[in-house]
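Following: one structure in structure tokens, then a few remarks.
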2 protein chains.
Amino acid sequence: MGPNAYAATCPTRLVLDRIADKWAVLVLGLLLDGPVRFNQLRRTIEGVSQKMLSQTLKSLERDDLVTRKAIATVPVTVEYSITSLGKTLAVTVDSLRIWAEAHMESVQDAQQRYDARKAAGL
Amino acid sequence: MGPNAYAATCPTRLVLDRIADKWAVLVLGLLLDGPVRFNQLRRTIEGVSQKMLSQTLKSLERDDLVTRKAIATVPVTVEYSITSLGKTLAVTVDSLRIWAEAHMESVQDAQQRYDARKAAGL
DNA sequence: GAATGCTGGTATCTGATGGATACCAAGTGC
DNA sequence: GCACTTGGTATCCATCAGATACCAGCATTC
């Protein structure tokens, strides 16, 4: 009778919802290679808005998957690192990114075939 | 110069966004054990609305991760199965669910500590 | 024979969310 | 003085998730 993600009330559902997230996957994947500063993340993950990035990082920090460290440079820089708990997750979610990159073409082909079939009147 | 999920224009980004989805993870996890009917999925994945389930299944079918088969019973039943492409993904995303179940408690504890620290005025 | 339940959906409405944009302070370089 | 850096927050709007209601066709129940 452990946790079960298929049960509506199980907290696992909340955790799953949190980690099954595009931006979280990309952030964790980057942090696997070492600490990264905020704007460095922002530049590397093309297309993230500041809002989504800081929001994602805040959630990850709350879940103890990432740690935040403000450094008294000028201007103040903020460095994000992965925690040991986060590392176990990062390995898992990074395989998601790798799957996406590996099978992107198959998926795109499938989509085109599907859309063509639909357009042809099924 | 292969696909790169960190590039804004790479189609991988779209694929990643699609598969990093709570409902898709839960659906694929179930279909790993064999074909399942629509309402059976609906009952097992507690809390999915019909809308989100049919929407998720339609997307998965478009991406050739799942196949839909209407069976002429009365009333007509619809059976969903996983494809060979879908199977490779399902194995990956199921480990996400497993991570969530395994580390749910650690994450919850971390959240409580974080919130307590914040409430204490940082 | 009318009421209820099953099947697998779609249509509609609303509250939450994602993303774009602008703005902030403090400091450096020109 | 003007532009640019740092890491954010505030605001606005379009999109989206979720709840609810509805649909047809048939079986069972009362």
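Quick look at the values:
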read-out	value
Residues of the stretch A:37-63 satisfying the condition of being within 12 Å of another protein chain (Cβ to nearest Cβ) and touching a strand residue (DSSP E or B) at 6+ places or on another chain (Cβ under 8 Å)	A:L41, A:T44, A:L60, A:E61
Every pair of residues 6+ apart whose Cβ atoms lie under 8 Å, when the first sits in the stretch B:47-58 and is on the phi > 0 side of the Ramachandran plot while the second is more than 7 Å from DNA strand C (Cβ to nearest atom)	B:G47/A:A8; B:G47/A:R13
Inter-residue pairs, beta-carbon under 6 Å, first in a helix (DSSP H, G or I) and in the stretch A:11-25, second hydroxyl-bearing (S, T, Y), 6+ apart	A:W23/A:T56; A:A24/A:T56
Flag if B:L32 is more than 10 Å from chain A (Cβ to nearest Cβ), away from DNA strand C (no atom under 11 Å from the Cβ) and of a type outside the set (S, T, N, Q)	yes
From the options A:V91, A:V66, residue that is open to solvent by less than 50 Å² (accessible area, probe 1.4 Å), touching a Leu at 6+ places or on another chain (Cβ under 8 Å) and more than 8 Å from chain B (Cβ to nearest Cβ)	A:V66
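Yes/no per residue for (1) closer than 23 Å to B:V15 by Cβ; (2) open to solvent by 60 Å² or more (accessible area, probe 1.4 Å):
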| site | (1), (2) |
| --- | --- |
| A:A8 | no, no |
| A:R42 | yes, yes |
| A:E46 | yes, yes |
| A:S49 | yes, no |
| A:S54 | no, no |
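The values are calculated or read from the model by the stated rules, or taken from the named source; none is laboratory data. The structure displayed is predicted, hence computed values, not measured ones. Here Cβ is always computed from backbone atoms with ideal geometry, including for glycine, and neighbour counts include all displayed protein chains. With ligands, DNA and RNA removed, areas are computed over all heavy atoms of the protein, side chains included. Shrake-Rupley method; radii C 1.70, N 1.55, O 1.52, S 1.80 Å.
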